[in-house]
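The values are calculated or read from the model by the stated rules, or taken from the named source; none is laboratory data. Because the structure is predicted, anything quoted here is derived from the model rather than measured. Glycine gets a Cβ as well: all are built from the backbone with ideal geometry, and neighbour counts include every protein chain shown. Calculation scope for accessible area: heavy atoms of the full protein, side chains included, ligands and nucleic acids excluded. Shrake-Rupley method; radii C 1.70, N 1.55, O 1.52, S 1.80 Å.
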Amino acid sequence: MKFEHLIEINDPLNPLMDTITREQLWRGLVLRAEDPKLFVPHLDECTISERTSGSFARRLRYGDLVIDDKVILTPLHEVRYEVPAQRDIAQSLLTMSIETPTQEALVVRFRYDDGNPSATDETGRMYEDFKKSAYKEADIDTVKIVRQLAADGKLDASLLN
């Protein structure tokens with residue numbers, strides 16, 4: 001199943017919406033990859049290994065379930081999570097891309113590919129709709145946390161150097 005959606009970050013037509021910079025958004029998305037327990041409450045542990053200048057490997061533990069993945073960073077543009085096939089888990093991919101549809105607007109495009117073909121039966125489509133909804137809610141929560149961190153000044157460059 002492949003699925004994508006956008007979440008608006010800055011809307012120049014909405015003066016009530018707090019704006020954040022591309023850099024703050026980037027730092028927030030990288031923080032989600034490096035310290036996912038801030039964003040995923042049911043995650044028990046995240047261990048990072050094999051760090052290079054543009055990527056790192058992680059081991060995520062949710063109770064007895066352990067998932068290994070690789071995070072690839074394209075600075076100020078994209079965070080890509082690659083999950084190789086392992087045990088009962090199919091190869092999958094999540095990409096979070098920062099886009100600027102206009103000079104003042106800022107959005108994040110979330111793209112999912114769970115490695116499985118789209119369902120052809122009603123039960124399978126219902127399950128996919130549930131997964132899409134869960135993905136979207138998790139992404140909305142991610143953006144809320146990034147917004148709060150930015151509002152608290154925790155994504156400012158001076159704090160991270």
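Observations
- Filtered residues of the stretch 53-67 (kept if closer than 19 Å to Y135 by Cα and either of a type in the set (K, R) or open to solvent by less than 40 Å² (accessible area, probe 1.4 Å) (or both)): L60, R61, I67
- Options S97, S55, S49; residue that is of a type in the set (S, T, Y), touching a Lys or Arg at 6+ places or on another chain (Cβ under 9 Å) and within 22 Å of L6 (Cβ to Cβ): S97
- Counting the residues of the stretch 115-158 that are touching a strand residue (DSSP E or B) at 6+ places or on another chain (Cβ under 7 Å) and either more than 16 Å from L94 (Cα to Cα) or part of a helix (DSSP H, G or I) (or both) gives 6.
- Out of K154, K136, sole residue that is touching a residue at least 24 places away in the same chain (Cβ under 8 Å), under 27 Å from N14 (Cβ atoms) and open to solvent by 50 Å² or more (accessible area, probe 1.4 Å): K136
- Test: residue in the stretch 128-137 that is among the aromatic types (F, W, Y) and within 19 Å of R27 (Cβ to Cβ): no
- Residue count for the stretch 69-114 under the criterion of being open to solvent by 30 Å² or more (accessible area, probe 1.4 Å) and not in a strand (DSSP E or B): the result is 14.
- Pick from the stretch 16-48, criterion open to solvent by 40 Å² or more (accessible area, probe 1.4 Å), in a loop (DSSP other than H, G, I, E, B) and out of contact with any strand residue (DSSP E or B) (no Cβ under 8 Å at 6 or more places or on another chain), ranking: farthest from R58 (Cα to Cα): L16
- Those residues of the stretch 1-15 which are open to solvent by less than 70 Å² (accessible area, probe 1.4 Å), outside any loop (DSSP other than H, G, I, E, B) and within 17 Å of A150 (Cβ to Cβ), in sequence order: I7, I9, N10
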